[in-house]
1. Considering each residue of region 76-118, count those that are surrounded by 22 or more Cβ atoms within 10 Å (Cβ to Cβ) and closer than 12 Å to Asp23 by Cβ, and give that number.
2. Looking at region 253-272, which of its residues are open to solvent by 30 Å² or more (accessible area, probe 1.4 Å), within 28 Å of Lys300 (Cα to Cα) and not aliphatic (A, V, I, L, M)?
3. For region 251-278, which positions are assigned to a loop (DSSP other than H, G, I, E, B) and closer than 16 Å to Leu58 by Cα?
4. For Asp245, only one of the following conditions fails: (1) in contact (Cβ under 8 Å) with a residue 40 or more places away in the chain; (2) in a strand (DSSP E or B). What is its number?
5. If you scan region 176-188, which residues turn out to be in a helix (DSSP H, G or I) and open to solvent by less than 40 Å² (accessible area, probe 1.4 Å)?
6. Does at least one position in region 241-252 carry a residue that is open to solvent by less than 30 Å² (accessible area, probe 1.4 Å) and more than 28 Å from Tyr192 (Cα to Cα)?
7. Which of (1) under 18 Å from Thr288 (Cβ atoms); (2) open to solvent by less than 40 Å² (accessible area, probe 1.4 Å); (3) assigned to a strand (DSSP E or B) is the odd one out, the single condition Asp238 does not satisfy?
Amino acid sequence: MRTLALLCSCFLLFGCGNWSNKDLEFLNAMPTREQLRSKLPTGTSAGLSGEGTRRDALGVGEPSKLYKDTKGASEGFNGILTYMIGALELVRSLPPTQRSEDSRLWGPWADNDNPGFEAQVVITRVDEVTFGYKVQHRPKGGTFFTSVSGAFKASQTLRKGSGSFTIHAGTAAAQLPSAKNLAALERIDAAYFTEKYPVTVQMKFTAAAGQVQQTVDYGYQENEDKSGGIGFRMKGTDANVSQLDIGSAWLPSGAGYGVLTVVEGNWKGAIQLECWDAAFNIVYAKQTWPGGVEVGEPKKCVQVTNFP
């Protein structure tokens, strides 16, 4: 679901009103996209290159294929956050339409992405530092169902802490035209920690019955110096590398490294290491599968704190 249309319709429906200090307590406890998104430095590399290209000859100075895979995973990770957090972020621009001592409600408003549907956001306070939230939809005049739900336990500042959320992909895809692209999934579950560094986010994908998704899990970490790393698992059709794990880490400059490990297939246990410079070009690479090559100098690989 895109949030731009929702945002526009919200402004038209509600306009801009006054906020109370208690309203801000609810919103300040919610995660933001900027807190959780992957901040991999980017260039002009394309997305996932696919396992079929991983056995191509490697050369120093060539664009890193593992960086391309890392960039594609980072973009997918951030796309999921946009889906989940978008509606929560748009209500930051609007006062609640209903207030109680322990809850705030925004909406319902007409969902321009799903003609004939209405949407609302509900945030509930469980105790002084624990909040729950829901993004809900319904056919106009019908019964609301939940497309996104989550919980957050705030730190003393009420701006950072730990939490979790679930995208109810199967429910949304079965009813909302804009969510049909989620039909292969039953749900996406995530947990995050923002109270102190390193900031971490974990995502797990659960396929719908009879479906297999290509990317199964994500893990993201950001250090205080803005270095970071991401790990993910992929499935493929190549008998040699039918399932693989990729873990990558980088410095704020963009220089980094990635390790691909074959976890299923004829080459199970084999790895590929690639180190890249700030222009995302290979400075060192090594493959341990049959016919694998080694190029460059290991000493040119950068070191990133908290990553092996």
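1. The number of residues fulfilling the criteria is 4.
2. Residues satisfying the conditions are Ser253, Thr261, Trp267, Lys268, Gly269.
3. Correct list: Asp277 only.
4. It is condition (1) that Asp245 fails.
5. Ser178, Ala179, Leu182
6. Yes, some residue in region 241-252 is open to solvent by less than 30 Å² (accessible area, probe 1.4 Å) and more than 28 Å from Tyr192 (Cα to Cα).
7. In the conditions (1) under 18 Å from Thr288 (Cβ atoms); (2) open to solvent by less than 40 Å² (accessible area, probe 1.4 Å); (3) assigned to a strand (DSSP E or B), Asp238 misses (3) alone.
Listed here are the residues, each with its yes/no results for (1) open to solvent by less than 30 Å² (accessible area, probe 1.4 Å); (2) part of a loop (DSSP other than H, G, I, E, B); (3) closer than 19 Å to Gly86 by Cα.
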site: Ser147; (1), (2), (3): yes, no, yes
site: Ser164; (1), (2), (3): no, no, yes
site: Ala174; (1), (2), (3): no, no, no
site: Ala190; (1), (2), (3): yes, no, yes
site: Glu195; (1), (2), (3): no, yes, no
site: Thr200; (1), (2), (3): no, no, no
site: Gly210; (1), (2), (3): no, yes, no
site: Val216; (1), (2), (3): yes, no, no
site: Gly219; (1), (2), (3): yes, no, no
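The values are calculated or read from the model by the stated rules, or taken from the named source; none is laboratory data. These numbers were taken from a predicted model, which means no experiment stands behind them. In this analysis, Cβ positions are derived from the backbone assuming ideal geometry, glycine residues included, and neighbour counts consider all displayed protein chains. Note: accessible area is taken over every heavy atom of the protein model, side chains too, but ligands, DNA and RNA are not part of it. Shrake-Rupley method; radii C 1.70, N 1.55, O 1.52, S 1.80 Å.
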